[in-house]
Amino acid sequence: MKTKVHQTAEFGDLVVTAFDSAAQCSTDPAEVSRLARQMVMHVLRHARSTFAWPPDGTHLGGRYLVAGVED
């Protein structure tokens, strides 16, 4: 049986943790960066699908717009 733990953290803490974990898997800086990015994006995608977005126009037609950047 899996137990889900939900924690609140600063975004910077997430990035640092991702880079620390990635650095344990590789010594190549490009690979560490790629792995850290994948981890951060995974967490952000999960958070986006878990939490409801406010009806302020940030969700338009299945796409999220933040500061003029589409994902």
Q: Read phi for every residue in the stretch 26-37 and hand back ³J(HN,Hα) as whole Hz from Karplus 6.51 cos²θ - 1.76 cosθ + 1.60, θ = phi - 60°, with x for Gly and Pro.
A: 7, 9, 7, x, 5, 5, 4, 4, 4, 5, 4, 4
Q: Determine, for each peptide in 37-47, 13-23, the mean count of other beta carbons within 10 angstrom over its residues, then list the peptides with the highest first.
A: 13-23, 37-47
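Read-outs: derived from the displayed coordinates by stated rules, not from any lab. Keep in mind the model is a prediction, meaning the values are calculated, not measured. Glycine also receives a Cβ, built like all others from the backbone with ideal geometry; neighbour counts cover every protein chain displayed.
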